[in-house]
Amino acid sequence: MVFGFLKGEFIDVISWTDDTRDTMVWRFERRDNAIKYGAKLTVREGQAAVFINEGQLADVFSPGLYELQTNNMPIMTTLQHWDHAFQSPFKCEIYFVNTTRFNNLKWGTQNPIMCRDPEFGPVRIRAFGNYSMRVTDPGVFMKEVVGTDGEFTSDEISAQIRNVIVQQMSQALAKSGIPVLDMAANTVDLAKLVNTAIAPTIAQYGLTLPEFYIENISLPDEVEKVLDKRTSMGIAGDLNKYMQFNAAEGLAQPNSAMGATMGAAMGAGMGFNMGAQAGQAGPWGAAPAAAPAAPPPPPVARQWHLAENGATKGPFAEADLAAMAASGALTRATMVWTAGQDGWKSAAETDLARLFAAMPPPPPPPPPAPGQ
């Protein structure tokens, strides 16, 4: 025990191995904060060592292996007024600062952000995402944030960082002028804008945000429900046709719940119509005169095609064919076709036969000459 005590007095090895995921600052505990002159200081990659002398920031050591002497502790030497080499221990607090990235830190708006949308008018928007954080100036971080905390974690600063993010996010969204429906396509640009805006404030803490992401920008639940209905109406198109389609689909499945519901609805509708007709009857039960029905639309004229020498001509209206029949350009044997007809037929076999009713048939061949 005595040998171990003496060894601890004369040999000092100062280092820190972090086995946590959220520790940003850890204070090296030494009895009475006594550090032996010539002690070995090991600062690993992703670390910095900060020396505090009597409450005042002294030296900051970057990664490397150091032997604590007056030649590599200029500020400490000045504070202690060491004008010559010494061998006695000196009192000093040593803090190890983690300078690696702290990833997947969350941020979000606790209260909605009021914005003026060009399409919807005043709206409330919520946003959330994640970011990474890293200590860039250990000395400033110790003075402005940590103080004398012996073990400082990322949770102790994340709330303050979140407040700064939300404040700048509110201003960025309010000034962006981007429609709500287009914000999802502009989250990358908005994230860069917000990160640039908060960088000066974060730098005052000795920190930087290497990564900043906006995962989602959303509307309140009640607004999203109304928007979903509006989207459904746009997809449905003509609401009358959409309702008719749903009714027909329900009737096609009479055993389904929809079919039963639609059947009951149609029965109720028929009963309502009958009751309405009975209520509209006269005082003696005579039905009122029905409104005159609209005349039917005029029939569409049929169009005909002619086959001549292996080619198709037309289409021709029936009036045109009557003129052609009178001139002889259309005969009973001419092959014709119209929509709905089963293949080509001679004009005499179709409705065009009436065009030839008032016309004499072809003359008989002349009689043979005498002597033949």
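Computed from the coordinates by the stated procedures, all read-outs in this text should not be read as laboratory data. All values derive from a computational prediction rather than experimental measurement. Quick reminder, even Gly has a Cβ in these numbers, built from the backbone with ideal geometry, and neighbours come from all protein chains shown.
Here are the numbers for this structure:
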item	result
Label-point gap, in nm, between Thr208 and Val223 - each point 7 angstrom along Cα→Cβ	3.6 nm
Proximal lysines to Lys106, defined as alpha-carbon separation beneath 30 angstrom and excluding residues fewer than eight positions away on the same chain	Lys143, Lys175, Lys192, Lys225
Charge tally in the Cβ shell below 14 Å around Met169, where Lys, Arg are +1 and Asp, Glu are -1, Met169 excluded	+4
For the range 102-223: relative contact order, % (alpha-carbon pairs under 8 angstrom, 6 or more apart)	40 percent
Average projected area [Cα convex hull, the range 102-223], square nanometres	7.6 nm²
Ranked packing of 38-47, 179-188, most packed first, by mean Cβ within 10 Å	38-47, 179-188
